[in-house]
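*Asks:* Sharing a structure with you now.
Just so you know, all these numbers are worked out from the coordinates, no wet-lab data involved. Computed from a predicted model, the values in this text were never measured in an experiment. Note that each Cβ is placed from the backbone with ideal geometry, even for glycine, and that neighbours are counted across all protein chains shown.
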Amino acid sequence: MSTTGTGQNQPADLPSVVGLGMAKKPTGWLGRVVVFLDLIKFSHSIFALPFALIATFLASRTVGLMWPGWLRLGLIVACMVLARTFAMTFNRLADRHIDARNPRTENRPSVRGEISPAFMVLVLAISGALFVLATGLFYTLLGNAYPVSLALPVLTFIAFYSFTKRFTWLCHFFIGASLMLAPLSAWVAIVPPRGPVLGWQVIFLGVGVLFWTAGFDILYALQDQAVDRRERLFSIPARAGAATALWISRLCHLLTILALAAFGAGIGGGMRLGITYWIGLAAVAALLAIEQSLVKADDISRINLAFMTINGLVGVVFGILSIAAILWT
């Protein structure tokens, strides 16, 4: 999920918006679903899901379980996918008018009318309801009331981030906080109802996710620097310029490595992870260095490689090696 492309409400009579609904719509529900999944970049669920799974396995070991069980694991994955679908659908619905004024996003199906607002509202209702239902199963089947108690606040927060670019350049850190909820929520879903809700170790993991996400979202926002200034939107590149934004992004990724190092070291009384984890962290550091090297203040032509490919590798590599380290510790 990226805050890039968000904007203020625009007048309904703008020429770029008049054409909404004029494009040929996909045939049938299946075609519409395929177009919609591409619109919300469903495949990008891989960014946050590995961190939720890391927290799931670590929390299981913390409460004496070698394996979280297929029920817990399935519910956590379902909640992750549903929450992200809800957040991205809300983002595309809220931003469709400003997207129509941005050359980079003017051909999105939500702008061209291939995916209607009514369809997106329906997806919001279904994904939100299923998310609450899935969190409720943690209580009815496993006796843990935390997930369902926090379901609506979580949905509210991850929807709210879509508006932050309208009033604060900290929008990149709001999206980071939204993804940070993935490992924190997974942890809460595993701990006993009367147990310690959060420990320092999972907080370090969450902080790592926050700064990792903010760092790559700042890079992604470089594409819209001119549009954001024209539309009076808030982003670090629009406020500080490309060169300064790059250094802030690099600082964020340095803080990511430091937070994940604290996580692996078990600072605050957590589990110390072995060599497999540190190999994974070294790989993440190398991948983030490559990501930063691909984007320059005067050349953002490789932004998609940096944003999509590299970050996908970060999630997969770090997730696999971290879970392996937890199981072998």
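*Asks:* If you average the C-alpha positions of the stretch 127-202 and of the stretch 63-115 separately, how far apart do those two centres end up, in angstrom?
*Replies:* 14
*Asks:* If you rank E114, E291 by fewest surrounding Cβ atoms within 10 Å, what's the result?
*Replies:* By the 10 Å Cβ count, ascending, the order reads E114, E291.
*Asks:* Full extension from A265 to N304: what is 0.36 nm times the residue separation minus their Cα-Cα distance, to one decimal in nm?
*Replies:* Full extension of this stretch gives 10.8 nm more.
*Asks:* Based only on Cα atoms, what mean projected area does the convex hull of the stretch 189-264 have, in nm²?
*Replies:* Taking a quarter of the hull surface, the average projection is 6.5 nm².
*Asks:* So, in nm, how far is label E106 from label W67 when the simple model puts each one 7 Å beyond its Cα toward the Cβ?
*Replies:* Placing both labels 7 Å along Cα→Cβ, they lie 5.5 nm apart.
*Asks:* For R230 paired with L122, estimate the spin-label separation in nm (one decimal), with each label point 7 Å from Cα along the Cα-to-Cβ line.
*Replies:* 3.4
*Asks:* So, one more: When a footprinting reagent is the concern and you count Cβ atoms within 10 Å, what order do R250, R272 take, fewest first?
*Replies:* Fewest-to-most Cβ neighbours within 10 Å comes out as R272, R250.
*Asks:* If you don't mind, there's one more thing I want to ask. Going by average Cβ neighbours within 10 Å, how do the peptides 262-268, 170-176 rank, with the highest at the top?
*Replies:* Order by mean packing, descending: 170-176, 262-268.
*Asks:* Hey, another quick one. Give the residue list of trypsin sites (Lys or Arg not before Pro) in the stretch 86-154 that are DSSP loop and have at most 14 other beta-carbon atoms within 10 angstrom.
*Replies:* For trypsin sites (Lys or Arg not before Pro) across the stretch 86-154 that sit outside H, G, I, E and B with at most 14 neighbouring Cβ atoms in 10 Å, the list reads R104.
*Asks:* Testing the spin-label approximation: label points 7 Å from Cα along Cα→Cβ at L251 and S293. State their distance in nm.
*Replies:* My value for the distance between the label points is 2.4 nm.
*Asks:* What percent of all Cα-Cα pairs in the chain falls in each 20 Å bin, counting up from 0?
*Replies:* 32, 57, 12, 0
*Asks:* Can you tell me, using C-alpha contacts under 8 Å and at least 6 residues apart, the relative contact order of the chain as a whole percent?
*Replies:* Dividing the mean separation by the residue count of the chain yields 22 percent.
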